[in-house]
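Engineer: A single structure is presented below for examination.
The values are calculated or read from the model by the stated rules, or taken from the named source; none is laboratory data. None of these values were measured; they are calculated from a predicted model. Neighbour counts are summed over all protein chains in view; Cβ atoms, including those assigned to glycine, are modelled from backbone coordinates with ideal geometry. Accessible surface is based on the protein model in full, side chains and every heavy atom, while ligands, DNA and RNA are left aside. Shrake-Rupley method; radii C 1.70, N 1.55, O 1.52, S 1.80 Å.
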Amino acid sequence: VVILANCGHGDRMFLELSVEQGATSSADIMIPSAELALDRLDFIIDDGWVDPLVSFVRQCRSSEGGNGVRFGGVARLAGRPAVEGYSPPALPSVVQVESLRLAQLKLTLWCSLKLRSAAFLPPYLRDALRVLSFSDELTLEDATLSLPEVCVPRHCGSLRDFLGALAGVYIGNLLRIAGVALGKSSLLNLPRGTLRIGGTTVSYLTDTMGLVAGEAASLMDHLTFDDEYVARQREIRSQKQINGFAEGMHEAGRSLGQGIEGVLDVVKKPAEGWKAGGFQGAVVGVGQGVASGIVKPLSNIGQAISDVGAGISATVGPDTAAAQRRRARPRLRLPRLLFSDAGVIRPWSALEAELLWQIGSECMHGVQEALCLAQDGPRHMVLLLYTYHLALVEIELSGTADGGGAGAAAPTDSTGGGDASGAGTAAGDPGGGGMGIMATASGSVEGAEDGHIGPEKAIGILGASTGKIFWQAMKPVTKLVKGLQELNQGTSPKAGDGSVKTEIFHFRQLRDVAPSDDGAGPTIELIGDNGLHLELPLYCGPSGTMSASVREGLYSGFDSARTHPDGAANWGSLRAAICEEHVSRQKASDGLDGSLQRTDAGELTLEVFEVERWMFMSSEWQTPCLPTEDQLKWRWVDSHGNRHPHLPNPRLLNRKECAARRRPPCELDAIFTPIGEWTIETGAGTDEDGWSYGLSWKSSTWDKKPGLFDVFRKRKWQRTYR
């Protein structure tokens, strides 16, 4: 289970503690400066860990300890303490703090707790919670608990007074936090249920309105007789990601701007026709221009209505971004494999987690090491090393180890919401999506690619749009049927039962071990009783040939099993070699961030985004300068729109000097050497200079040509280092 999750905000560490202690000859504590900072955390309470904890506490307090020994008995048998006569030093009488800054703390609390698991609460309190919650479960959804930054003034006095003053600073915020937690809890299910019914209804109505408007806009696009425009609109609709009302309004404004641009076709089309076909082309252009000047504004008005509807649906619908985050949070990956009989915890590995899932915890109990000997696509041949035997296992990665798959509490659309990305339900798919988000995927109607709409194509296009509207109208019914099916069948995946075929070799049968080479690479030969022979290849793993230190550790472990009277292997040398390799890889990866992409062995690609804004006063593109664009004013940013982490220190190169540069002033550490110059990434979505245009940095769609309201542009620079 996941109890405490670090959100990894920016480049912040989970915990930062800085204390400066002053020298003193007395028993006083001199702290000239101290700083404590925690990153934003998610704290999750559920039955996965509360049940075992309650059971453990109950056993500790029970007089019937079973096979265990109570603590009181241990204390009586322990005898006199070994430090008899030792007197601990007296606590300091005075605490002196010169400077203390407590950084802002943000904690998001999620809770899903069965009341039967809360046996530590009095029965009357559990009954009251059950009545207020209208269920047997206490939930807390996305309760954001925030404590502001506090700078404590200089203090010189007792520790009790210091802590009391610190608590007084936070008491008001703690009361506010209690109110926030109450509002997000299931204790307000009755009024919240009414609001959810209303929100679902509004979401469905706006979803339907947006779908109808979007389909109407898609149909009208074909009446422009402009193949390029139809293809472009289809691509724009497929790229839209609307997750809230603000994003919907943003996209609606852009759609209206494109509609205003369509009015200019009355002039543009005849001119283009004259250049292409003379007088006859101009006449055709006049017809196209008049059609476009009327149809494009109307089509984009319909598209704007669809965008606004999708934004409202995403905001008031039951499947909000917070609900999706809750579904994805409990388990983003499979449980990790614990090693040896003591349950040693090691860094999580997708392969090891998949082994635990497919083989089962009973078969994996006591495993010392797991080495991948061969890989062919998703199929892996894994060597499992135990104390008294080894096992060769062939498994196929199911794609669930990295998150959200079998056994990982896969997110299910149980609240009636659609896809968070805003993709709508395709025609003929009655089970897709819910009554929540349905962004403007309605413009994906195919047909009429040659610019002419015949009767058959017109009927096909109209039929596709009608089908989408029909399935939207039937969505409440299909959602109800789908929910009943899930109740009957259940959706919880079951863990592996250990049925994977394995080949086991017991070390008590081992008579000889020898390193060898089969011509393709190094191997290890194990020779046992009765002609038993096993050859292990050491050159087909994910990283190619095993390193010499790992091969030597593997050989040492087999040899120790051969010489031990009970056939017990010692894998200490192998573990040390694997740890050494892990540390080396970790050091090689230090300093990697979102702007660095690893290419070939030993090579890194540094990515930098250059941004500019259109200035109406000067009629030119310049570095962003609006008050809301604090990070973008640096001109050179990362993929999140923040000041690039590899820009020089502001004291060496300030913001104005950075904005004046025409090439990225970013460099890696001196240990990396550039093997090329800066290059600009160009493609189908950029112009010849690499620029793509949008309304703002947060635009979900970008074009290679600036529209009427496209006042922002960006391009990507890259440089390779070794």
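Engineer: Ordered by residue, what ³J(HN,Hα) values in Hz, to whole numbers, does the stretch 112-119 give under the Karplus form 6.51 cos²θ - 1.76 cosθ + 1.60, where θ = phi - 60° and Gly and Pro are x?
Structural biologist: Result, ordered by residue: 9, 10, 5, 5, 5, 7, 8, 5 Hz.
Engineer: Which of the peptides 622-628, 685-691 is most tightly packed, and how do the rest follow, going by the mean number of other Cβ atoms within 10 Å of each residue?
Structural biologist: Output ranking for 622-628, 685-691: 685-691, 622-628.
Engineer: Of the heavy-atom accessible surface of the stretch 618-722 (probe 1.4 angstrom), what whole percent is carbon and sulfur?
Structural biologist: The value for the stretch 618-722 is 50 percent carbon and sulfur by accessible area.
Engineer: Oh, and also: Using the eigenvalues of the Cα gyration tensor, what equivalent ellipsoid semi-axes result for the stretch 121-265 when each is taken as the square root of five times the eigenvalue, whole Å, largest first?
Structural biologist: 52, 27, 10
Engineer: Sort out for me the Cα centre separation of the stretch 666-702 from the stretch 335-361, rounded to whole Å.
Structural biologist: 41 Å
Engineer: Then there is this: Placing +1 at every Lys and Arg Cβ and -1 at every Asp and Glu Cβ, with all other atoms neutral, what dipole size does the stretch 94-175 have around its Cα centre, in debye to the nearest 20?
Structural biologist: Around 160 debye, computed over the stretch 94-175.
Engineer: Kindly state, as a whole number, the per residue volume in cubic angstrom of the convex hull around the alpha carbon atoms of the stretch 235-277.
Structural biologist: Value for the stretch 235-277: 65 Å³ per residue.
Engineer: Here is a further query. Residue-wise, which Karplus ³J(HN,Hα) couplings in Hz belong to the stretch 501-514, taking 6.51 cos²θ - 1.76 cosθ + 1.60, θ = phi - 60°, and x for glycine or proline?
Structural biologist: Those phi angles translate into 5, 10, 10, 10, 10, 7, 6, 5, 8, 6, 10, 7, 9, 8 Hz.
Engineer: If you project the alpha carbons of the stretch 137-203 onto their three principal axes, what span does each projection cover, largest first, in Å?
Structural biologist: Principal extents (Cα only, largest first): 60, 23, 14 Å.
Engineer: Could you sort the peptides 37-48, 303-314, 664-675 by per-residue average Cβ neighbour count (10 Å cutoff), highest mean leading?
Structural biologist: 303-314, 37-48, 664-675
Engineer: So what is the diffusion coefficient of the stretch 176-325 in µm² per second by Stokes-Einstein at 37 °C and 0.692 mPa s, using a Kirkwood Rh over Cα pairs?
Structural biologist: Roughly 187 µm²/s, to the nearest whole number.
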